[in-house]
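The values are calculated or read from the model by the stated rules, or taken from the named source; none is laboratory data. Treat the numbers as computed from the prediction; the structure is a model and nothing was measured. As a convention, Cβ positions derive from the backbone with ideal geometry for all residues, glycine included, and neighbour counts pool all protein chains shown.
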Amino acid sequence: MLRLLWLVPAIPLASALTLALLRLSQRTVAWIGTCSIAASSLISLLVSISFVNAPPISGAYTQVLWRWFNVDGLRPEIALYLDPLSLVMMVVVAFVSFLIHLYSTEFMSGDDGYGRFFAYMNLFVGSMLTLVLADNLLLLYLGWEGVGLCSYLLIGFWYRDPANGRAGRKAFIVTRTGDTAMVIGLFLLFHDLGTLNIQDLMHRAAQYWPIGSTGALAAAFLLLGGAVGKSAQLPLQTWLPDAMAGPTPVSALIHAATMVTAGVYLIARTHILYSLAPQAQFAVAVIGAATLLMAGFSALTQHDLKRVLAYSTISQIGYMFLALGVGAWPAAIFHFMTHAFFKALLFLGAGIVIESLDGEHDIFRMGGLRQKLPVPFWTFLIAGCSLAGLPLITAGAFSKGWIVWGAYSAANGSAGLWAVALAGVFLTALYTFRMIFLVFFGQQNSQVTRKPGQAMMIPCVILAFLSIAGGYIRTPFASYLSAVLPWNPGITRRASFGEMFSEGIVALVFFLGLCLAYVFFLRRRDYSSALASSPASSVLHRFWFSDWGMDWLYHRLFVRPVVWMAKVGKGDPIDGFYTGVGRLNEIVWRGLSLSQSGRLRWYAAVIAAGAIVLIGVVIFS
Amino acid sequence: MILGWLLAILIAGGLIAWPLARLHPLLSRLIALSAVALDLALALFLAARDFGPGSIAGGWREDLDLSWIPQFGIHFHLGLDGLSLLLVLLTLFLGVVAVVVSWTEITTAVGFYHFNLLLILAGILGVLLSLDLFLFYFSWELMLVPMYFLISIWGREQRVYAAIKFFLFTQLSGLLMLIALLALYFAHHQATGVYTFEYQDLLGTPLDPHAAMWIMLGFLAAFAVKLPVFPFHTWLPDACTEASAATNLVLASLMASTAAYGMIRFLLPLFPDAVQAISPLMIVLAVIGILYSAFLAFSQTNLMRLVAYASIGHLGFVLLAIFAGNSLALRGAVMTIIAHAISIGALFLVAGAVEKRVQSREIDTMGGLWETIPRLSGAGLFFALAALGLPGLGDFIGEFLILIGTYQAHIAAAAVAACGVLAATFYALRFVQRAFQGPNDHSWQLPDLAPREALIFGILMVVLLWLGFYPQPVFETLRQAANHAPALWR
Amino acid sequence: MTAIPMADGLILGGILFALGLAGLLLRRNLLLILVSIEIMLNGAGVAFVAAGSRWGQADGQVMFLFTLAAAAAEVAVGLALLLTHFHRRQTLDADSISEMRG
């Protein structure tokens, strides 16, 4: 059964090829596109069950497909590696992808790029699965770039609007900047340790690199560069809000559940390297903490529904980075899983809302949709509660609480990080319920023109169920992963007093946020508008709205100079040298041709003078 | 013997195709196509026979040695090893593509066109196969005049300027190479008392370091202009802006590969110490070239010019690898030569196909083409992705090996060059965006890919994917070449 | 017979040559330019004869005969060119032959 592992990424890739090459009816496309992912998730489930029941002795299963190339010491293989970590990633990615594909069959119906859409989506899923199952960094990089490519193609899917293309290019270029750092990290790792196979790398790193050595630090920071780009963390987070230009299923799948978590996976996969480079690991935590706060504030000010969710995603991944940084590895992966469920659901719900209001994105123009769209409302509410962390019921609460506790108790944890995480909980609750109250409660401002069908509702219901139930498997989850991601000794299995205290504070903070949102956005809207219009807070509002000015900064710092340099150099200044030679030639020619006056006596005089000079030279030398 | 046939068939084909056009252009095209296809078949036969699995022994697998002008020690000596086989196959394959692409593009003086094209291919093969330095120089110059005609007769408005510029640059550097060659010839005589142009004999010539540096510079001048290397590159964008798509294919892909081949086969083995001394400078030039051309490609509005600068950027990687002095990088260089030839060549063909439909090479007149010509746009996207080094395609393997090899020798150069890959993203995406995406403002209603074009693009895509996922045959063939020049490939 | 010193002969030849050269450069009438050329040739001839008499050999005078033959040929061709030019331009001004410029 384990031998079927290769089918998991292969089936989506094959169907992507088919959909790209053949021109088929929408029904056929929908069937092929969705069934391929369904088959992939089914096989992944079977493989996982087989793996869990009868795990291989070494704890991991490697399936070698072929040797990619063999050049002088560099011998990567196209090989898949299954261990508890990649198993979790694979199952979550495949299953959530399937649900979103099902949703898209109805969401994208009528679009003339239907086949193209599913081809790109399948290609994406295939690349993502390759990424999480890769056994060496080069194959991982192939999946990494593949998902980046699909992200670009899908953000700019509606290509007729140049703004979408711009957003796609921004995403591709910003993430590729991070990828450049990552690829230099690959060079360094191969140069120092002689291999790109992940497990071999980890063993050799532990052997040859003492803790805190420059090799480990450099490699860890370079890989972090790639992770930061792909996962939209500080300082490379500016692409994600703009990526909302793509169709909503794309935002749900790529920019919430899967691709943006690739960075988290990378760091978790190479966690031994990070344990050898404590400064780098601390940087991960700091980046996570800073990002979760920054994005939280930004989410508070947005009025485009999808942008709120985009900043929310950045913030939640910040939590995952924070967990990785303090050494609470399983907590990060657990939060990845629950986040995949509730964030995908939030996006799918947002898609339903936007579609039913005929393309309205502004939450201040929505409202009162509770009665008209009951099932979307309930599922959205469940997902929102999970995101904010409604205690004891929702999965999000379990995963986030775990991270908050880990921020204090883990090896690199501190009270400061714990406080930041708590502040994040407050912010999350605040902006989440702001969003829910503005969209579903209060007065209805726009007309509902469409209601969602079954294909869109079923995935939402399933995800809602998972957003609740997913949390209860925390303990077995943690113990299952402990083989691969060592529990940090700071986190104990039994709930200690400290942990219960932390969870209690989290719950308190959650309710504080909820109440504040209730007051400001449901009961007394005038309070919030008064607050927003006061001079000090409007400056703050603008600042947070524009992502803390980072877009403006990058535009001035990077985009403008590059464009200027290109414009200045367009005519190729080097060519000036060669045309200069040509022009010099011309000047000399003009000068010399002056002596060709055509006058007979001039020529005679020159001959005479020349003869005299020559004779003089002969006589006097 | 077969090697001689390779050249003879091309020349004969050209000579026959020339007058036949008077009867009917189609005859001329068919003769040319069959000549190149026959050669390709012969080359494949050679590959299967001499380079099948298990034949790793070094040395020249094919050898043809005829005495030509014995008084000066000139032989007509052709030889084939792994490296030359790869490039010969590449040349003939792209030669077939070039002939097929010109099927409907070239309508005037068809016979003369094919004569020139085949003569250029013969010259390239001569360069790749010759083991006698005089014959090498002869073939090198043989490529010049037909290419001049190709640009100046079937080009766009400024074609004569571009053709003359190309000719002057290449001729001048070729003359420098001739002087260096003669200096080597005489130095060899001084050391051993024998007058010879034989490659193997000249390999061990003892040269005093000063003389070696000057002679090497002479050779380097010719290769640097042909490749092209950063400050000497300005002829290529002008030539590509004016020439037809098939000409650009031959110019940028195949002639560049001869320059790189010349560096690997002649420059590195003949003057190892001088090469070592000059490599810091060359590495700096290579890196500057990569970044410079990427920025310039980004700002171009003429489609062919954009692709020309992209080509220069990729060849900058090849130059970097050759002078980095690392065997991983050198293997990556050969891979890049092959993959770049195919992907950049394909980009030229895409640009040519777009030009045929839109009647313009200016990006500003395009936009929104995806709506009416989705397949061509898809092909354009595919090859643009190859140009920016997307993993899974051949270019990535080459560039990755070059960078990882260069890193072993010069960390800073590798890091900066990696940024060059990032810079390639700018122009590649701009190309796709401006040409294919956006609204269809001009209400284009254009015919999509014809079966002939679709076949060519399909084959090129398959080759790139194959090189990206299973490049080992290339490296195995290279290993054969490495075995008989171990000092070079380490 | 007292021999005339060679120097005198050479000086005479030089003066004749210089006079001819001056005439060639300063005169504008084509015909007179041809005459000046003749004077230059004769000046060179005198120099040859003087040198020949210094060494007591006939070579100098033989050279002068050669020069005469060459002069005659040259005058023939020159006069023919002059006539053609006159037919075209109706003038014998040397400055009117200025079309091969640049």
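The table below lists the values:
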item: From the options A:THR105, A:THR34, A:THR62, residue that is more than 14 Å from every other protein chain (Cβ to nearest Cβ), of a type in the set (Val, Ile, Thr) and in contact with a His (Cβ under 8 Å, 6 or more places away or on another chain); result: A:THR34
item: Which listed residue is within 18 Å of A:PHE440 (Cβ to Cβ) and either at pLDDT below 85 or over 33 Å from the mean Cα position of the chain (by Cα) (or both), from A:SER528, A:SER538, A:SER496, A:SER533; result: A:SER528
item: Residue in the stretch A:163-172 that is within 8 Å of another protein chain (Cβ to nearest Cβ), closer than 23 Å to B:ILE404 by Cβ, of a type in the set (D, E, K, R) and part of a helix (DSSP H, G or I) present; result: no
item: A:ILE100 vs. criteria β-branched (Val, Ile, Thr), away from chain B (no Cβ under 14 Å) and in contact with a Pro (Cβ under 6 Å, 6 or more places away or on another chain); result: yes
item: Residue among A:LEU240, A:LEU292, A:LEU224 that alone is of a type in the set (A, V, I, L, M), more than 22 Å from A:LEU427 (Cα to Cα), touching a helix residue (DSSP H, G or I) at 6+ places or on another chain (Cβ under 8 Å) and assigned to a helix (DSSP H, G or I); result: A:LEU224
item: Flag for A:ARG160 being out of contact with any Phe, Trp or Tyr (no Cβ under 6 Å at 6 or more places or on another chain), over 19 Å from B:ILE404 (Cβ atoms) and either within 11 Å of another protein chain (Cβ to nearest Cβ) or in a helix (DSSP H, G or I) (or both); result: yes
item: Of residues in the stretch A:142-152 being of a type in the set (A, V, I, L, M) and at the interface with chain B (Cβ under 8 Å from one of its Cβ atoms), the one farthest from A:MET244 (Cα to Cα); result: A:LEU142
item: Unique residue being surrounded by 24 or more Cβ atoms within 10 Å (Cβ to Cβ), small (Gly, Ala, Ser) and modelled with pLDDT under 85 when the list is A:ALA350, A:ALA410, A:ALA397; result: A:ALA410
item: The lone exception for C:ALA22 - which of (1) in contact with a Lys or Arg (Cβ under 9 Å, 6 or more places away or on another chain); (2) of a type in the set (Gly, Ala, Ser); (3) under 15 Å from A:LEU600 (Cα atoms) it fails; result: (1)
item: Enumeration of residues in the stretch B:379-394 that are over 17 Å from A:PRO76 (Cβ atoms) and either charged (D, E, K, R) or crowded, with 24+ Cβ neighbours inside 10 Å (or both); result: B:ALA379, B:GLY380, B:PHE383, B:ALA384, B:LEU385, B:ALA386, B:ALA387, B:LEU388
item: Failed condition for B:LEU446, given (1) in a loop (DSSP other than H, G, I, E, B); (2) closer than 30 Å to A:ASP72 by Cβ; (3) among the aliphatic types (A, V, I, L, M); result: (2)
item: Unmet requirement for C:GLU74, which otherwise passes all of (1) within 14 Å of chain A (Cβ to nearest Cβ); (2) charged (D, E, K, R); (3) out of contact with any Gly (no Cβ under 9 Å at 6 or more places or on another chain); result: (1)
item: Selection from the stretch A:558-608 of residues that are farther than 19 Å from B:ALA423 by Cβ, hydrophobic (A, V, I, L, M, F, W, C), more than 7 Å from every other protein chain (Cβ to nearest Cβ) and part of a helix (DSSP H, G or I); result: A:PHE577, A:VAL581, A:LEU584, A:ILE587, A:VAL588, A:TRP589, A:LEU592, A:TRP602, A:VAL606, A:ILE607
item: Helices (runs of 4 or more DSSP H) wholly inside the stretch B:1-114 that include at least 2 residues being at pLDDT below 85 and more than 19 Å from B:SER244 (Cα to Cα); result: B:25-50
item: Identity of the residue in the stretch C:81-100, under 18 Å from C:ARG27 (Cβ atoms) and under 20 Å from the mean Cα position of the chain (by Cα), that ends up nearest to the other protein chains (Cβ to nearest Cβ); result: C:ALA94
item: Pick from the stretch A:221-279, criterion among the polar types (S, T, N, Q) and within 29 Å of A:ALA483 (Cβ to Cβ), ranking: nearest to the chain's Cα centre (by Cα); result: A:SER231
item: Failed criterion for A:ILE37 (all others in (1) out of contact with any Ser or Thr (no Cβ under 7 Å at 6 or more places or on another chain); (2) within 23 Å of B:PRO391 (Cβ to Cβ) hold); result: (1)
item: Total residues in the stretch B:134-175, condition more than 14 Å from every other protein chain (Cβ to nearest Cβ), more than 17 Å from the chain's Cα centre (by Cα) and not in a helix (DSSP H, G or I); result: 4
item: Residue list for the stretch A:406-434, restricted to those being of a type in the set (S, T, N, Q) and in a loop (DSSP other than H, G, I, E, B); result: A:ASN412, A:SER414
item: Residue among B:PRO280, B:PRO231 that is surrounded by fewer than 24 Cβ atoms within 10 Å (Cβ to Cβ), under 19 Å from the mean Cα position of the chain (by Cα) and more than 26 Å from B:LEU129 (Cβ to Cβ); result: B:PRO231
item: Complete set of residues in the stretch B:434-464 that are within 13 Å of chain A (Cβ to nearest Cβ) and closer than 25 Å to B:ALA297 by Cα; result: B:ARG434, B:ALA435, B:PHE436, B:GLN437, B:GLY438, B:PRO439, B:ASN440, B:ASP441, B:PHE457, B:MET461
item: Any hit, the stretch A:116-123, residues being within 13 Å of chain B (Cβ to nearest Cβ) and of a type in the set (A, V, I, L, M, F, W, C); result: yes
item: Those residues of the stretch B:284-304 which are surrounded by fewer than 23 Cβ atoms within 10 Å (Cβ to Cβ) and of a type in the set (A, V, I, L, M), in sequence order; result: B:VAL284, B:LEU285, B:ILE288, B:LEU291
item: A:LEU139 buried (at least 23 other Cβ atoms within 10 Å of the Cβ), assigned to a helix (DSSP H, G or I), in contact with a Phe, Trp or Tyr (Cβ under 8 Å, 6 or more places away or on another chain) and within 11 Å of chain B (Cβ to nearest Cβ); result: yes
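Each row is one residue, and each column tells you yes or no for (1) surrounded by fewer than 16 Cβ atoms within 10 Å (Cβ to Cβ); (2) more than 21 Å from A:TYR81 (Cβ to Cβ); (3) more than 10 Å from chain B (Cβ to nearest Cβ); (4) touching a Ser or Thr at 6+ places or on another chain (Cβ under 7 Å).
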site	(1), (2), (3), (4)
A:ALA181	no, yes, no, no
A:PHE190	no, no, no, no
A:LEU193	no, no, yes, no
A:ASN197	no, no, yes, no
A:LEU201	no, no, yes, yes
A:ALA206	yes, no, yes, no
A:ILE211	yes, yes, yes, no
A:ALA220	no, no, yes, no
A:GLY226	no, no, yes, no
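Condition check ((1) without any contact (Cβ under 8 Å) to a residue 24 or more places away in the chain; (2) in contact with a Lys or Arg (Cβ under 8 Å, 6 or more places away or on another chain)) across all residues:
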position	(1), (2)
B:PHE431	no, no
B:PHE436	no, no
B:LEU449	no, yes
B:GLU453	no, no
B:MET461	no, no
B:LEU464	no, no
B:GLN472	yes, yes
B:ASN483	no, no
